[in-house]
1. Just a yes or no: is a residue in region 67-77 in contact with a Pro (Cβ under 7 Å, 6 or more places away or on another chain) and modelled with pLDDT of 85 or more?
2. Can you tell me which residues in region 44-63 are exposed (fewer than 12 other Cβ atoms within 10 Å of the Cβ) and touching a strand residue (DSSP E or B) at 6+ places or on another chain (Cβ under 8 Å)?
3. Checking ALA14 against (1) small (Gly, Ala, Ser); (2) surrounded by fewer than 12 Cβ atoms within 10 Å (Cβ to Cβ); (3) within 24 Å of the chain's Cα centre (by Cα), only one condition comes out false. Which one?
4. Does region 42-49 include one or more residues that are touching a residue at least 24 places away in the same chain (Cβ under 8 Å) and touching a Leu at 6+ places or on another chain (Cβ under 7 Å)?
5. Could you please find all residues in region 82-100 being within 26 Å of the chain's Cα centre (by Cα) and charged (D, E, K, R)?
6. Only one residue in GLY72, GLY86 is among the small types (Gly, Ala, Ser) and without any contact (Cβ under 8 Å) to a residue 24 or more places away in the chain. Which one?
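The values are calculated or read from the model by the stated rules, or taken from the named source; none is laboratory data. Since we're looking at a predicted model, the values are computed, not measured. So basically every Cβ, Gly included, is an ideal-geometry build from the backbone, and we count neighbours across all protein chains shown.
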Amino acid sequence: MVDDLLYIPDFLKAPFRVVDDTPLVKKPRFKKYVPKRPRAKKWKNSERVLVHLADECPKIGSGQRLVWSVSGRTWVYLADDYGGRGKLSRRRFEEVRRDD
C-alpha cells in the first residue's frame, strides 16, 4: 500500500502537451444558399428580377419573389429557385416588376 494518499501512478499521468494559443474558428452550421439559374440553354441569358405576383403564376407563388426571367417577343418566362416556372405577357410583366 502507498502511504501518500495523493500519489498518482505513472501510467495514469497524462503527458505534458503545449497547446497553441490560436483562436478556434467556428464552422458555419449550414452552407450559405447561393441561387442558381435553371440549367436549360434558354436560361443562359436570364436575369434576376424582383416581382410582386398575385395569382398570375401559381407554380411560383404570390407576393414579392426573386425570380429568373427571360424576355421573348410576346412572353416573359419566369423561374424560381425551387423549380417553379411560369410565363407572363410582356405588358403584365412590366406591371408586376419591382425596380426597388
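1. Here is the first cut: in region 67-77, the ones in contact with a Pro (Cβ under 7 Å, 6 or more places away or on another chain) are 68.
If we keep only those that are modelled with pLDDT of 85 or more as well, we get 68.
Yes: region 67-77 contains one or more residues that are in contact with a Pro (Cβ under 7 Å, 6 or more places away or on another chain) and modelled with pLDDT of 85 or more.
2. Step one: of region 44-63, the residues exposed (fewer than 12 other Cβ atoms within 10 Å of the Cβ) are 44-45, 47-48, 54-55, 58, 63.
Selection gives ASN45, GLU47, ARG48, PRO58, GLY63.
3. Only one criterion in (1) small (Gly, Ala, Ser); (2) surrounded by fewer than 12 Cβ atoms within 10 Å (Cβ to Cβ); (3) within 24 Å of the chain's Cα centre (by Cα) is unmet by ALA14, namely (3).
4. At the first step, the residues of region 42-49 found to be touching a residue at least 24 places away in the same chain (Cβ under 8 Å) are 42-43, 45-46, 49.
Checking the rest, the ones that are also touching a Leu at 6+ places or on another chain (Cβ under 7 Å) come to none.
The answer is no; no qualifying residue exists.
5. Answer for region 82-100, where residues must be within 26 Å of the chain's Cα centre (by Cα) and charged (D, E, K, R): ARG85, LYS87, ARG97, ARG98, ASP99, ASP100.
6. On the way: GLY86 fails: without any contact (Cβ under 8 Å) to a residue 24 or more places away in the chain.
When all the criteria are applied, what remains is GLY72.
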